[in-house]
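Okay, so here's the structure we're looking at.
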Amino acid sequence: MATSRTARSTTLALATAVAALTVTALPFQALAAPNGSRAALPAVTARSETPALHDDEAGGDADADDPAIWRNAADPDRSLVIATAKQGGLRVYDLDAREVQSVPAPAAPGPDHAPGRFNNVDLVHGLRLPSGRADLAVTSDRGGDRLRFHRIDANRAGGPLTDVTDPSAPPVFSSSQEEIDDQRTAYGLATWTDKSSGRSYALVSRRERTSVALLEITPGADGKVGYRKIRTIDLPADFRLPNGASWSPCGEPGELPQVEGMVVDPANGMLYAGQEDVGIWRMRADLTGTPKLVDKVREYGVPGTYDEGTEECVAGADPGFGGTRLTADVEGLTLLTEADGDGHLLASSQGDDTFAAYDRELSDGNEYEGGFRVTAASAALDGSEECDGAAALAAPLGRKYPNGLLVVQDGHDAPGDAERPSTNFKFVDLGEVKEAIED
């Protein structure tokens with residue numbers, strides 16, 4: 001079962017039609033995952049890695065979490081990876097995995113309040129601003145319960161990112177600073193531009209709750225960028241098992257099974273959301289219609305008891321209702337897209353340090369198509385363990401990555417100081433990933 005680092009959640013009222021379906025209107029048949037046994041998965045290795053981040057005072061409380069890949073269309077060799085470091089803010093890396101900019105998270109508004117904590121990041125391309133169209137990095141600030149926006153300009157002196165966040169942007173979920181300090185705040189993030197309207201949105205999940213909110217991104221006349229909430233949906237926190245029992249994932253008292261990893265398929269406007277101890281949901285990115293659970297974690301249905309002493313869950317007997325591809329937590333979700341419309345949804349199976357690949361074609365029911373591990377390339381360049389976030393871009397990125405790039409977080413960077421928590425990001429040739437999936 002998942003430990004206390006995995007949060008659970010539920011709040012924010014749903015629209016009546018959606019609320020009616022969140023727990024009771026999803027029959028088990030819709031949740032079924034294919035049976036199968038664990039098999040040895042092919043391995044890929046990283047070509048490079050970013051400098052280690054350290055989640056301690058000396059390291060600026062920096063903890064690698066989630067990456068996004070920005071392609072410089074004018075000069076692909078100068079493309080960038082933009083990544084969150086939680087309380088350490090944002091880091092920007094070149095294709096050699098060298099840091100080119102560090103952007104601090106906002107300071108706490110007062111001595112008793114939470115500081116900024118950047119959790120997830122995604123990109124919006126070509127947003128219309130008064131100065132012209134621009135690409136933006138959009139970040140969920142878990143500490144402040146807000147979205148933050150940074151304009152990307154590869155030629156800007158001092159670094160490519162400029163903060164253009166509207167200072168009046170409201171909290172995403174909280175109604176007061178006291179609520180923000182409880183940290184049931186903006187967590188997972190995915191962006192989406194609606195082809196029919198040209199409007200851009202952010203899908204944001206809530207820490208320790210099952211809520212996902214749809215926010216429209218709103219540029220202002222002054223060049224600042226804000227947002228307005230359109231609607232919110234709550235995914236289930238309790239599930240009916242085939243034996244008639246009711247099950248909910250184990251967690252700390254008061255926590256519900258949260259969502260973090262999310263991605264929107266631009267071809268069809270479908271949102272994939274990883275509910276960490278449950279599985280991967282598919283739903284319309286406008287949060288209308290009925291969500292469908294397309295795969296489950298192995299621990300689905302396993303009863304657990306929370307131990308206050310160890311702050312962990314003690315698992316009971318496995319009734320055998322879980323999936324076969326994902327081990328909790330299901331984390332970073334990203335798309336490997338192909339020019340012909342084919343491609344894969346990639347998911348981090350954090351509990352066993354693997355990645356699962358699903359067909360992104362709806363007509364194939366998001367069928368599982370393979371998996372892989374990111375393993376050590378040498379004694380100095382390790383693989384990825386307990387991966388939180390991942391980003392793939394299937395486009396030529398200059399001489400370094402002509403086949404595209406996969407960036408994955410490594411929750412235990414090695415070799416390193418055993419006394420200091422060390423995390424970073426690994427850069428993997430996407431061509432090798434495609435070959436591994438097809439094996």
Candidate set: segment 110-135, residues that are within 21 Å of the chain's Cα centre (by Cα) and more than 22 Å from residue 388 (Cα to Cα); chosen: the one least open to solvent (accessible area, probe 1.4 Å): 135
- prompt: So which of 385, 419 is within 20 Å of the chain's Cα centre (by Cα), surrounded by fewer than 23 Cβ atoms within 10 Å (Cβ to Cβ) and of a type outside the set (Gly, Ala, Ser)?
  reply: 385
task: Inspect segment 70-82 for any residue being surrounded by fewer than 17 Cβ atoms within 10 Å (Cβ to Cβ) and either acidic (Asp, Glu) or closer than 22 Å to residue 203 by Cα (or both) and give the result as yes or no.
output: yes
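Tell me which residues, restricted to segment 212-244, are in a strand (DSSP E or B) and either without any contact (Cβ under 8 Å) to a residue 60 or more places away in the chain or open to solvent by 40 Å² or more (accessible area, probe 1.4 Å) (or both).
Restricting attention to segment 212-244, the residues satisfying the condition of being in a strand (DSSP E or B) are 212-219, 225-234, 239-240.
Residues satisfying the conditions are 216, 218, 219, 228, 229, 230, 231, 240.
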- line: Note on residue 374: of the conditions (1) over 30 Å from residue 283 (Cβ atoms); (2) in contact (Cβ under 8 Å) with a residue 12 or more places away in the chain, unmet is (1)
message: So residue 183 passes all but one of these: (1) open to solvent by 50 Å² or more (accessible area, probe 1.4 Å); (2) polar (S, T, N, Q); (3) within 22 Å of residue 83 (Cβ to Cβ). Which condition number does it fail?
response: (1)
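Would you pick out the residues in segment 193-211 that are of a type outside the set (Ser, Thr, Tyr) and either free of Cβ contacts under 8 Å to residues at least 40 places away in the same chain or on the phi > 0 side of the Ramachandran plot (or both)? Break it down stepwise before answering.
Step one: of segment 193-211, the residues of a type outside the set (Ser, Thr, Tyr) are 194-195, 198-199, 202-204, 206-209.
Once the filter is applied, which keeps residues that are of a type outside the set (Ser, Thr, Tyr) and either free of Cβ contacts under 8 Å to residues at least 40 places away in the same chain or on the phi > 0 side of the Ramachandran plot (or both), segment 193-211 yields 198, 199, 208.
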- line: Of the residues in segment 384-430, those that are under 27 Å from residue 62 (Cα atoms) and either basic (Lys, Arg) or in a strand (DSSP E or B) (or both) number 19
- line: Taking segment 350-362 and keeping only residues that are crowded, with 16+ Cβ neighbours inside 10 Å and within 25 Å of residue 338 (Cα to Cα), one is left with 354, 355, 356, 357, 358, 359, 360, 361
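I need a count of the residues in segment 263-276 that are open to solvent by 10 Å² or more (accessible area, probe 1.4 Å) and of a type outside the set (Gly, Ala, Ser). First the steps, then the outcome.
Of the residues in segment 263-276, the ones open to solvent by 10 Å² or more (accessible area, probe 1.4 Å) are 263-264, 266-270.
Subset that is of a type outside the set (Gly, Ala, Ser): 263-264, 266, 268, 270.
So the answer is 5.
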- prompt: In segment 379-412, how many residues are hydroxyl-bearing (Ser, Thr, Tyr) and over 23 Å from residue 123 (Cα atoms)?
  reply: 1
query: Based on what the data block shows, is residue 190 farther than 30 Å from residue 111 by Cβ, outside any strand (DSSP E or B), touching a residue at least 60 places away in the same chain (Cβ under 8 Å) and open to solvent by less than 50 Å² (accessible area, probe 1.4 Å)?
result: no
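Looking only at segment 263-292, which residues are of a type outside the set (Ser, Thr, Tyr) and either modelled with pLDDT under 95 or outside any strand (DSSP E or B) (or both)? Don't jump to the end; show me each part of the working.
So the first thing to find is which residues in segment 263-292 are of a type outside the set (Ser, Thr, Tyr), and the list is 263-271, 273-287, 289, 291-292.
Within segment 263-292, 266, 267, 268, 269, 276, 277, 278, 285, 286, 287, 289, 291 qualify.
Quickly run through segment 310-338 and pick out the residues that are in a loop (DSSP other than H, G, I, E, B), more than 12 Å from residue 280 (Cα to Cα) and in contact (Cβ under 8 Å) with a residue 24 or more places away in the chain.
Of all residues in segment 310-338, those in a loop (DSSP other than H, G, I, E, B) come to 310-311, 316-325, 327-329, 338.
Still in the list and also more than 12 Å from residue 280 (Cα to Cα): 310-311, 316-322, 324, 338.
Listed by number, the residues that qualify are 311, 319, 321, 322, 324, 338.
Any idea which of 320, 365, 304 is surrounded by fewer than 20 Cβ atoms within 10 Å (Cβ to Cβ), of a type outside the set (Asp, Glu) and in contact with a Pro (Cβ under 9 Å, 6 or more places away or on another chain)? Walk me through how you get there before you give the answer.
On the way: 320 fails: in contact with a Pro (Cβ under 9 Å, 6 or more places away or on another chain); 365 fails: in contact with a Pro (Cβ under 9 Å, 6 or more places away or on another chain).
Going through 320, 365, 304 in turn, just one is surrounded by fewer than 20 Cβ atoms within 10 Å (Cβ to Cβ), of a type outside the set (Asp, Glu) and in contact with a Pro (Cβ under 9 Å, 6 or more places away or on another chain): 304.
The values are calculated or read from the model by the stated rules, or taken from the named source; none is laboratory data. Owing to the predicted nature of the structure, the values given are computational and were not obtained by experimental measurement. Positions of Cβ are generated from backbone atoms using ideal geometry, with glycine treated the same way; all protein chains shown enter the neighbour counts. SASA here: full protein model, heavy atoms, side chains in, ligands and nucleic acids out. Shrake-Rupley method; radii C 1.70, N 1.55, O 1.52, S 1.80 Å.
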